[in-house]
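Have a look at the structure below before the remarks.
The values are calculated or read from the model by the stated rules, or taken from the named source; none is laboratory data. A quick note: this is a predicted structure, and the numbers were derived from the prediction, not measured. Methodologically, a virtual Cβ is constructed for each residue, glycine included, from the backbone with ideal geometry; neighbour enumeration extends over all protein chains shown. With ligands, DNA and RNA removed, areas are computed over all heavy atoms of the protein, side chains included. Shrake-Rupley method; radii C 1.70, N 1.55, O 1.52, S 1.80 Å.
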Amino acid sequence: MRRRVLFALLTLGLLLSAACTADPAGEPASEDLIVIGMCQVGAESDWRVANSESMKAVFTEANGYRLLFDDARQKQENQITAIRKFIQQQVDYIVLMPIREGGWDSVLQEAREAGIPVILVDRRVDVEDEALYTAHVGSDFLEEGRRAVAWMEGTFQGAEDPVRIIHIQGTPGSTAQLGRTAALEEAVAAHENWELLVRLDGDFTQAKTYEVMTDYLSSLPGPGDIDVVYCENDNIAFGALQALEEQGYPCGRDGVNIITFDATRGALAECLNGRISLAVECNPLLGPLAEEVIRTLEAGGSPEKHRYVEEQIFTAEDLTEALLESREY
Ligand code: AHR
């Protein structure tokens with residue numbers, strides 16, 4: 001409670017100076033609100049936008065929170081700066097979506113010394129001391145990758161010809177990239193006829209993927225024999241589709257099989273119309289789970305260290321227009 005009072009005092013000056021322009025119906029910060037400092041990666045993907053919306057929908061004043069939301073524009077140094085600022089402001093909790101796994105020990109130690117619990121959302125951190133964060137809620141990215149690989153095994157079962165794969169990765173060192181890549185690597189090692197043609201860095205964005213994929217396809221001496229493009233998220237899949245089709249590669253059942261992760265509405269629509277062969281769900285609606293952790297802590301309880309969301313896979317056969325419309329993201 002003391003931290004909340006201090007935070008209210010620190011922000012009082014700002015509130016007073018803003019008073020002449022404030023909404024007359026607006027309430028001043030209440031010292032009873034739980035103050036959350038949130039470090040989001042950025043807005044690189046449709047998934048990320050849905051994730052930010054899920055957090056903002058839960059951490060509202062009506063629900064008893066003051067949310068300080070920082071968009072790090074996909075830079076770890078910005079996330080570290082934001083955490084230090086939240087420590088100075090003496091927030092009650094820090095919620096961190098870490099861009100990559102490494103490089104967090106010092107700043108999380110600073111948060112611990114300040115007595116501020118850190119809750120990880122979405123991805124994980126690789127730290128020497130697991131006690132540097134209180135809990136994590138997110139996806140099991142290795143399991144997602146294994147689901148994609150199981151679909152490939154079913155689709156290419158009995159194939160004697162090589163299965164030629166292009167792999168387009170997400171942000172290097174992020175848990176999503178590491179897990180999805182590890183699953184594909186395991187499978188390529190286990191199947192003699194699976195051939196990895198190239199590995200490209202798409203950084204989870206459509207623009208970068210379109211660029212690197214166009215360069216790669218243009219560098220081939222003739223039309224490539226490509227069976228699968230393993231795209232580590234939907235925006236990578238959109239960029240790859242665009243590049244492939246522009247260069248005359250049909251995508252879908254009788255062409256290149258695009259595999260994607262996230263299964264946001266745009267990707268499911270492409271799956272329903274047959275251009276994407278498989279969409280592996282990565283659920284961005286993590287706000288309610290993060291709030292459960294904070295409620296548990298506020299009640300003096302101990303949340304689970306890791307909690308994974310439920311996810312599924314989709315092919316065209318699993319989809320209908322009605323299902324797409326009912327999706328929240
Ligand atoms: O960490 C989750 C991943 O990050 C999602 O697959 C991707 O779209 C996002 O940018």
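List the residues of segment 173-197 whose backbone N lies under 19 Å from a point placed 7 Å from the Cα of GLN247 along the Cα-to-Cβ direction. What the label zone holds, given the 19 Å backbone N cut-off, is 195-197. Between the amide H of VAL256 and those of CYS251, distances stay under 5 Å, these residues lying 5 or more places away or on another chain, with hydrogens modeled in the peptide plane. When HIS191, HIS167 are compared by accessible surface with a 1.4 Å probe, the order from highest to lowest is HIS191, HIS167. Accessible surface ranking for TRP194, TRP151, 1.4 angstrom probe, highest first: TRP151, TRP194. Beta bridges per DSSP, both residues in segment 184-329: antiparallel share near 20 percent. Other residues with beta-carbon under 15 Å from the beta-carbon of ASN78 carry, at +1 per Lys or Arg and -1 per Asp or Glu, a net charge of +2.
Stretching ASP215 away from GLU31 to a fully extended chain increases their span by 60.7 nm, per 0.36 nm per residue minus the current alpha-carbon distance.
Gain on full extension, evaluated as 0.36 nm per residue between GLU185 and GLU110 minus their Cα-Cα distance, stands at 23.4 nm.
Residues SER106, SER174, SER30, sorted by accessible area with the largest first, give SER106, SER30, SER174 [1.4 Å probe; ligands and nucleic acids excluded]. Taking other residues whose beta carbon is less than 14 angstrom from the beta carbon of ASP161, and scoring Lys, Arg as +1 and Asp, Glu as -1, yields -4. Rounded to the nearest Hz, the phi-derived 3J(HN,Hα) couplings of segment 92-98 under the Karplus curve 6.51 cos²θ - 1.76 cosθ + 1.60 (θ = phi - 60°) are 7, 9, 10, 10, 10, 9, x, where x marks glycine and proline. Identify the residues of segment 144-172 with backbone N under 14 Å of a label point that sits 7 angstrom from the Cα of GLU195 along the Cα-to-Cβ direction, or state none. Residues 160-166 qualify, since their backbone N sits under 14 Å from the label point.
The gain in end-to-end length when the GLU328 to PHE69 segment is fully stretched comes to 91.1 nm, 0.36 nm per residue minus the alpha carbon separation.
For the chain, lysine pairs separated by 8 or more sequence positions, or belonging to different chains, with Cα-Cα distances below 24 Å total 5.
Our coupling estimate for segment 111-125, obtained by passing each phi through the Karplus curve with A = 6.51, B = -1.76, C = 1.60 and θ = phi - 60°, is 5, 5, 4, 7, x, 9, x, 10, 10, 8, 10, 6, 8, 10, 10 Hz, Gly and Pro reported as x.
For the chain, carbon and sulfur atoms together expose 49% of the accessible surface, with a 1.4 angstrom probe and every protein chain in place.
Here the chain carries DSSP beta bridges of which approximately 5% are antiparallel, counting only pairs with both residues inside. The amide H of ILE313, built 1.01 Å from its N in the peptide plane, has GLU281 as neighbours under 5 Å, considering only residues 5 or more places off or on other chains. 3J(HN,Hα) along segment 152-165: 4, 4, x, 5, 9, 4, x, 5, 9, 5, x, 9, 9, 10 Hz, from the Karplus curve 6.51 cos²θ - 1.76 cosθ + 1.60 with θ = phi - 60°, whole Hz, x for Gly and Pro. Taking a quarter of the surface of the Cα convex hull of the chain gives a mean projected area of 19.3 nm². Taking amide H as placed 1.01 Å from N in the peptide plane, PHE261 has its amide H under 5 Å from the amide H of ASN233, ASP234, VAL280, each at least 5 places away in sequence or on another chain.
For GLY103, neighbours were defined as the other residues whose beta-carbon sits under 10 Å from its Cβ, and their charges (Lys and Arg +1, Asp and Glu -1) total -3. GNM remark for the chain: springs join alpha carbons under 10 Å apart, and the peak mean-square fluctuation among ASP129, ASP71, ASP203 falls on ASP129.
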